[in-house]
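Asks: The following block contains the structure, expressed as C-alpha cells.
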There are 2 protein chains.
Amino acid sequence: MSLTTHGRSVFLVILFSTAVGACQSPPDPRRTVSLVVTGGTVVTMDAQRRVLSPGAVAVDGREIVAVGAPAEIAGRFAARETIGAIGQVVLPGLVNTHTHAPMVMYRGLADDLRLMEWLERYIFPAEAKTVSPQMVRVGTRLAALEMIQSGTTTFADMYYFEEEVAQAAKQAGLRGVLGETIIGFPVADAKTPADGLRRAEAFLKRFRGDDLIVAAVAPHSMYTLDREYLAASRRLADQYGAPLLIHVAETQDEIQTSEKRFRLTPFRYLDSIGFLGPRIVAAHCVWVTPEEIPLLQKHRIGVSHNPESNMKLASGTAPVPAMLAAGLTVGVGTDGAASNNDLDMFEAMRQAALLHKLESGDPTVVGAYTALEMATIAAAKVLGLDRTIGSLEVGKRADLIVVGMRAARQTPVYNPVSHLVYVTRGDDVQTTIVNGRVLMRNRRVLSLNEGAVLAEARALSARVTEAVRQ
Amino acid sequence: MSLTTHGRSVFLVILFSTAVGACQSPPDPRRTVSLVVTGGTVVTMDAQRRVLSPGAVAVDGREIVAVGAPAEIAGRFAARETIGAIGQVVLPGLVNTHTHAPMVMYRGLADDLRLMEWLERYIFPAEAKTVSPQMVRVGTRLAALEMIQSGTTTFADMYYFEEEVAQAAKQAGLRGVLGETIIGFPVADAKTPADGLRRAEAFLKRFRGDDLIVAAVAPHSMYTLDREYLAASRRLADQYGAPLLIHVAETQDEIQTSEKRFRLTPFRYLDSIGFLGPRIVAAHCVWVTPEEIPLLQKHRIGVSHNPESNMKLASGTAPVPAMLAAGLTVGVGTDGAASNNDLDMFEAMRQAALLHKLESGDPTVVGAYTALEMATIAAAKVLGLDRTIGSLEVGKRADLIVVGMRAARQTPVYNPVSHLVYVTRGDDVQTTIVNGRVLMRNRRVLSLNEGAVLAEARALSARVTEAVRQ
C-alpha cells in the first residue's frame, strides 16, 4: 500500500467515523497482540547491538513479534496489555548459567571458612539432615521469588530431587535448564550413582518437550564420579540431545586430585574418556591453562563463570579475558546462595567486569557491554538457547525485564549500559516477563505468593539450624 | 533506689492512678527523650561486640543516652518519637573514609578505559569546563541523597569549592571530614597551590567548631605537589589540629614516579620531608610493601581502603590482611562515583570481604564482622572520630541506621552480620539518623527534596555531556 492510498483510506475512515458518531468504531486495522512494552530504552543485545531510545517491544503469546520505535509499534499493534517503561531500560531477561537454587536455604549459614570446614561442619550435615522433596520445593520457591525480583528469567541448575526444582520453577513461570545431580556418594535422593543415573533418565523423560524446562544431565564433577558414570552421563545426554552440566577445574585441590589420579588436568582427563563433546556447560573453569583453551574451543565448551563464588571461597580467578579472546562463549552465573550469598545477576555481571580488570591490570578488559552479554545472549548461547532467548528479536521467546533507571545512584545517566553493570542492582528490576507471561509488574510478584514463600522458608530454616547444631 | 523501694513506689502510683481514674495521669517517672529506636537486632560494634536481639537505643538530642533491651528502655524513657525496628537491624551509621562527593556528576561518563585516557579525554575536560560552586553544590546534594538512602552518615571528602560541599552536607544533615584540595596545577578554585593553601586555611577557620563538619587539610598527593606545599599542609594541619587527607601509593605509576624523582617510595618520601605524623588519612595504600608497614604503624596512619575503585581502575590490591595483622586501622571507602560508580558502603564492605579472600587464597581473611568494623568503628577511628561515632554506645553521637532484613535475598536469617555484608544493599536501609536528626524515615528522605535534587542534577548533566563532546 502506497502512502497516498494509505492517506486516502485514513481520510475515508475519518468521514465514516464522523458519520456514525460515537456509537460504533471502525474495525481497528492493527494486529491485536497480548502485550506491548513501550517508551523505555530498549537494549536489544542483538548482533547489531541496537539500542532504541525510546523503543518498544510487541509480544504475542509467548513470542516477540516486533521491536521498534514506540510510534511504529503503536501503529502496527493493538495490545491487550501495555506496560509503560518511560525512564526505564528494557532488556532481555538475565540468564544465570550456574546455580543450585534450593541452597538459598543455607545462605549465610556459615561464611569465611576454609572449604573443607565449611562443607564438613555445615553444608554436608545440613544437607544430610534436611534435603528432602519439601526442602527442595520450599527452597526453589524462595530462589524463584528472588530471581523474579532481580530479573533472572532463565537459570541452569543441578541439585537433588530436581523434579521438585522443575515443578516449582514452572509454577513460578521461570525458564530452567535443569539436571538431576549424579554423584559418587550416597545423597538424599540416590544411594548410588547408578540410582542417580536412573533418576536422571526419568527426569529427562518427564520433562522432554516442556515449554519452559530443558532437561539436562548433571554429573557433578570428574573428582566425585568414576569414569563409567561420566561415560554413562555422556551417553544419556547424547541419547536425549540434552545439555551436560558439570563442575570443572574449580579449585586447585581438584587439579591436584586429577593430576595425582590420572596424571591429567580435569579437562584432559574428561577428553581422554570421551566425555567432551557438544552441549557441555562447564561451571567455574578457574584453573584452565592457556594450553587447554584450544581443547575447550574444539568441543565448543560453554563456560559458566561464577566470580562471586570463586572470590568468596578463594577458589581463584578464571582466565576469562583469554577465553573471550580465543572465541569461547562465557556466561556468568551466581553459583548457589550458600557461597555467594544471593542470586542477583547484576552483582555477578559487575563482579565479572571488576575482577578481570584487577587481575589483568588492564581496566579495558570485560567492559560493561561484554559483562552484559555474559548475562544475556552469551549466557543463552552457553546453555544452547541463543536461538530462543538472550536478545530482544522477532521470533524469540518473550523473556524480558524492565529496569528502573531513576534512582539517585543512577543519576545522571550518560550511558545506560554502564549503569546496568556498575550501579544497578536486582532490586531495580520493576517488571519481569517470561515466555510472554508477566511474573512481576511494578515490583509486585504475580506468579508466587510472596508472603507465603518467605514464611515457609523461615519455618524450614529452624530445621537447618537444628541440623548444624548437633 | 533499691528494688523493694522501687516496687513500693510503683504500687503507690497504681493506687493513686486508680483513685484519680482516667481524668488525670500521674507524672511519668521516666525521663523524656527525643527518640527511641526499638525492637530490632541492635549490632552495637562496641568493644564487647554486643548484639542485642531484640534491643533498643534511646537518643536525647544529638546523643545516645542508653542501649538495652526494649523493655528496659521503655521502662526508663518516654520518647517524643519512637521508631519501631522489629525484623530489622539497627547499626551505627556507615562511615565512608574516602570520596569526592561532587564527582557523582561524572558517574558513568566514561568507563573501561586506561587511567590516562579516562582522565585526559573525559574527567579533566569535564572538570575544566564544569567545576563551579553550583556544580559542587548540585553534585553534593545528589551525593548526600544517595548517602542518606544507603546508610552513610559520615563521609571523608576532598574536592574543589569544598565550602559548598560542607554547606550542602550540613543542610542535608550529614557529618563530614572535609578538606579543600591543594594541588600543584591550576584548578577551578585555585590557580596555584599557594591559592589552594589559602583557601584551605579559610575553610579551616570557617568550619572550626562546627557540630557536623570536621575541617581537614587535603593535599592531593606526593606526585601532584612539591615538597614545600606538602610541608606547608602538615604545618597548617598541626596549627589547627586538623586531619590530613591524602592519596598515597594508589598506582604503580605513582610508585615509579616517586622512585624516579626521589629514589624513595611515596611513604618513605613523605617520611623524609617530615610529612608523616598524627591524623593522616591515607587513601588507597595499594602498593605499600611489607617493609613499610612498621612506618605506617609508627605514625598511626589511618588507612582508607577503596576496593571497588582499585578494581575498576585496575590499580591493584592493598595488603589489607597484613595491615590488619600489624594492628593498623583500616576503614573502607567508595572513592568518587566516577570510578566506582556509586557511594554504597554495603558494596564496599562486601568487596573488601571478597577481594582479600581471593587475593590471599584464604577464605577466612576479612570475615563479615571485620568488614563491618571497617565500615563503622574502624572507619571512625581512621578519621579520628571513634570517641564520637562508629558504635552504638552511651555518650556517642546518635548516628545510626535501621536496615531491612526481610527481603527474599535476605531469607532465611541465620546470622545478621553475614547478611549485612554478603546480601544487603544500601537500598535496604529504611531509616538514617545523624546527630539525633532523622534524615530518612521508612525510605522517605526528610532533609532533602528528592525530586528537586534529581532534577537539578539531570539538568546540569547536559553541560557535562557538552564538555566532553567538544
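The values are calculated or read from the model by the stated rules, or taken from the named source; none is laboratory data. Keep in mind that what you see is a predicted model, and the values were worked out from it rather than measured. Methodologically, a virtual Cβ is constructed for each residue, glycine included, from the backbone with ideal geometry; neighbour enumeration extends over all protein chains shown. Keep in mind that these areas ignore ligands, DNA and RNA; they rest on the heavy atoms of the full protein, side chains included. Shrake-Rupley method; radii C 1.70, N 1.55, O 1.52, S 1.80 Å.
Asks: Determine, yes or no, whether B:MET323 is free of Cβ contacts under 8 Å to residues at least 60 places away in the same chain, open to solvent by less than 40 Å² (accessible area, probe 1.4 Å), under 21 Å from B:THR99 (Cβ atoms) and more than 14 Å from chain A (Cβ to nearest Cβ). Can you show your working first?
Replies: Working: free of Cβ contacts under 8 Å to residues at least 60 places away in the same chain: yes; open to solvent by less than 40 Å² (accessible area, probe 1.4 Å): yes; under 21 Å from B:THR99 (Cβ atoms): yes; more than 14 Å from chain A (Cβ to nearest Cβ): yes.
So B:MET323 passes the test.
Asks: Which residues, taken from segment B:296-351, are more than 16 Å from B:ALA156 (Cα to Cα) and touching a Cys at 6+ places or on another chain (Cβ under 7 Å)?
Replies: Result: B:ALA318, single match.
Asks: Next question, about the same structure. Given the options B:PRO27, B:PRO125, B:PRO54, name the one that is modelled with pLDDT under 95 and not in a helix (DSSP H, G or I). Talk me through it step by step, then tell me what you get.
Replies: Details: B:PRO125 fails: not in a helix (DSSP H, G or I); B:PRO54 fails: modelled with pLDDT under 95.
Going through B:PRO27, B:PRO125, B:PRO54 in turn, just one is modelled with pLDDT under 95 and not in a helix (DSSP H, G or I): B:PRO27.
Asks: Let me ask you something else. Let me confirm something: among B:THR317, B:THR334, which residue is open to solvent by 10 Å² or more (accessible area, probe 1.4 Å), hydroxyl-bearing (Ser, Thr, Tyr) and within 30 Å of A:LEU420 (Cβ to Cβ)?
Replies: Working: B:THR334 fails: open to solvent by 10 Å² or more (accessible area, probe 1.4 Å).
Of the residues listed, the single one that is open to solvent by 10 Å² or more (accessible area, probe 1.4 Å), hydroxyl-bearing (Ser, Thr, Tyr) and within 30 Å of A:LEU420 (Cβ to Cβ) is B:THR317.
Asks: Looking at B:GLU164, B:GLU180, can you tell me which residue is of a type in the set (D, E, K, R) and either within 14 Å of another protein chain (Cβ to nearest Cβ) or surrounded by fewer than 24 Cβ atoms within 10 Å (Cβ to Cβ) (or both)?
Replies: On the way: B:GLU180 fails: either within 14 Å of another protein chain (Cβ to nearest Cβ) or surrounded by fewer than 24 Cβ atoms within 10 Å (Cβ to Cβ) (or both).
Result of the check over B:GLU164, B:GLU180: B:GLU164.
Asks: May I pose another question? Of everything in segment B:289-319 that's away from chain A (no Cβ under 14 Å) and of a type in the set (A, V, I, L, M), which residue is farthest from B:ASP342 (Cα to Cα)?
Replies: B:LEU295
Asks: Just name the residue that is farthest from the chain's Cα centre (by Cα) out of those in segment A:265-283 that are without any contact (Cβ under 8 Å) to a residue 40 or more places away in the chain and open to solvent by less than 50 Å² (accessible area, probe 1.4 Å).
Replies: Within segment A:265-283, the subset without any contact (Cβ under 8 Å) to a residue 40 or more places away in the chain is A:265, A:267-268, A:271-272, A:276, A:278, A:280, A:282.
Cutting the leftovers down to open to solvent by less than 50 Å² (accessible area, probe 1.4 Å) gives us A:265, A:267, A:276, A:280, A:282.
Working: A:THR265: 28, A:PHE267: 24, A:LEU276: 23, A:ILE280: 16, A:ALA282: 14 Å.
For segment A:265-283, the residue satisfying everything is A:THR265.
Asks: Based on what the data block shows, is A:ALA452 farther than 30 Å from B:THR140 by Cα, surrounded by fewer than 21 Cβ atoms within 10 Å (Cβ to Cβ), within 9 Å of chain B (Cβ to nearest Cβ) and modelled with pLDDT of 95 or more? Break it down into steps so the answer makes sense when it comes.
Replies: Numbers: farther than 30 Å from B:THR140 by Cα: yes; surrounded by fewer than 21 Cβ atoms within 10 Å (Cβ to Cβ): yes; within 9 Å of chain B (Cβ to nearest Cβ): no; modelled with pLDDT of 95 or more: yes.
In short, no.
Asks: Also, I was wondering about something else. Which condition from (1) surrounded by 19 or more Cβ atoms within 10 Å (Cβ to Cβ); (2) more than 15 Å from B:VAL248 (Cβ to Cβ) is the one that B:LEU328 breaks?
Replies: (2)
Asks: Just checking, which of A:ARG458, A:ARG397 is at pLDDT 95 or above and over 30 Å from B:VAL413 (Cβ atoms)?
Replies: Numbers: A:ARG458 fails: over 30 Å from B:VAL413 (Cβ atoms).
None of the others qualify; the one that does is A:ARG397.
Asks: Next up: Give the residues of segment A:52-93 that are farther than 11 Å from A:LEU35 by Cα and under 22 Å from the mean Cα position of the chain (by Cα), sorted by residue number.
Replies: Hits for segment A:52-93 are A:GLN88, A:VAL89, A:VAL90, A:LEU91, A:PRO92, A:GLY93.
Asks: Also, I was wondering about something else. Kindly indicate whether any position in segment A:132-143 is open to solvent by less than 10 Å² (accessible area, probe 1.4 Å), under 17 Å from A:ARG437 (Cβ atoms), part of a helix (DSSP H, G or I) and of a type in the set (A, V, I, L, M).
Replies: Just the residues of segment A:132-143 that are open to solvent by less than 10 Å² (accessible area, probe 1.4 Å), to begin with: A:135-136, A:138-140, A:142-143.
Applying the additional criterion that residues be under 17 Å from A:ARG437 (Cβ atoms) yields none.
For segment A:132-143, residues open to solvent by less than 10 Å² (accessible area, probe 1.4 Å), under 17 Å from A:ARG437 (Cβ atoms), part of a helix (DSSP H, G or I) and of a type in the set (A, V, I, L, M): absent.
Asks: Also, quick follow-up: Any residue that is open to solvent by 10 Å² or more (accessible area, probe 1.4 Å), under 15 Å from the mean Cα position of the chain (by Cα) and of a type in the set (A, V, I, L, M, F, W, C) - is there at least one of those in segment A:203-213?
Replies: Within segment A:203-213 (the criterion being open to solvent by 10 Å² or more (accessible area, probe 1.4 Å), under 15 Å from the mean Cα position of the chain (by Cα) and of a type in the set (A, V, I, L, M, F, W, C)), the answer is yes, since at least one residue qualifies.
Asks: How do the pairs read when you match residues in segment A:334-349 that are more than 23 Å from A:GLY404 (Cα to Cα) with residues anywhere that are crowded, with 24+ Cβ neighbours inside 10 Å and of a type in the set (Asp, Glu), using Cβ under 6 Å and keeping only pairs 6 or more apart or on different chains?
Replies: Taking only residues 6 or more apart or on different chains, the pairs are A:ASN340/A:GLU308.
Asks: I'm told B:VAL413 meets every condition in (1) open to solvent by 20 Å² or more (accessible area, probe 1.4 Å); (2) hydrophobic (A, V, I, L, M, F, W, C); (3) away from chain A (no Cβ under 14 Å) except one. Can you identify the failing condition by its number?
Replies: Looking at each condition in turn, B:VAL413 falls short on (3).
Asks: Here's a follow-up. How many residues, within segment B:350-394, are away from chain A (no Cβ under 11 Å), surrounded by fewer than 20 Cβ atoms within 10 Å (Cβ to Cβ) and among the hydroxyl-bearing types (Ser, Thr, Tyr)?
Replies: Matching residues across segment B:350-394 total 1.
Asks: Taking segment B:109-118 as the search range and keeping residues that are at the interface with chain A (Cβ under 8 Å from one of its Cβ atoms) and not in a loop (DSSP other than H, G, I, E, B), which one is nearest to B:MET135 (Cα to Cα)?
Replies: B:TRP118
Asks: Let me ask you something else. Return the total of residues in segment B:57-108 being without any contact (Cβ under 8 Å) to a residue 60 or more places away in the chain and either within 14 Å of another protein chain (Cβ to nearest Cβ) or open to solvent by 40 Å² or more (accessible area, probe 1.4 Å) (or both).
Replies: Selection size over segment B:57-108: 10.
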